[in-house]
Amino acid sequence: MYEVLKGILVDDLQMREEDVVPTAGREEVGLDSLTAVELAALLHNRLGIEIHDYELMDAATVADVARLVEERLPRAEVEAAKGHP
């Protein structure tokens, strides 16, 4: 799930790829309140999940955001996103 999230952060939200690592904090990658709103909308449109911007702002690291996304996805979609049958 981290790779899917990283792709969205880099490709759609124009974050620097070298900054988007699992241990990076929100501030380090540039995830502020405005980009949290944009990310929430992208996650809803792409993956069909509901995550509020305030939940994203509560996440301390990129890995925490990825875990939140994975928790909201149905199990089959998580396996498909990871490339498993």
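No lab work stands behind these numbers, since they all come straight from the coordinates. As the structure is a prediction and not an experimental result, all values here were calculated from the model. When we count neighbours, we look across all protein chains shown, and the Cβ atoms used for this are built from the backbone with ideal geometry, even at glycine.
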Contour excess over end-to-end distance, with Cα ends at residue 23 and residue 3 and 0.36 nm allotted per residue
5.8 nm
Kyte-Doolittle cut-off -1.0, length cut-off 20 Å along the helix's own axis using Cα: show which whole DSSP H helices in the chain pass.
33-47
By the scheme Lys and Arg +1, Asp and Glu -1, what is the net charge of all other residues having a beta-carbon under 12 Å from that of residue 53?
-4
What percentage of all Cα-Cα pairs in the chain are separated by more than 21 Å?
19
Neighbours of residue 7 by Cβ distance under 11 Å: Lys/Arg at +1, Asp/Glu at -1, summed charge -2
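Return the loop-located trypsin sites (Lys or Arg not before Pro) in region 1-56 (DSSP other than H, G, I, E, B) with at most 16 other Cβ atoms within 10 Å of their own Cβ; answer none if there are none. Walk me through the numbers before you get to the answer.
Numbers: sites: 6, 16, 26, 46; in loops: 16.
When the trypsin sites (Lys or Arg not before Pro) of region 1-56 are filtered for loop state and at most 16 Cβ neighbours within 10 Å, 16 remain.
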How high is the relative contact order of the chain, in percent, counting Cα pairs under 8 Å that sit 6 or more residues apart?
33
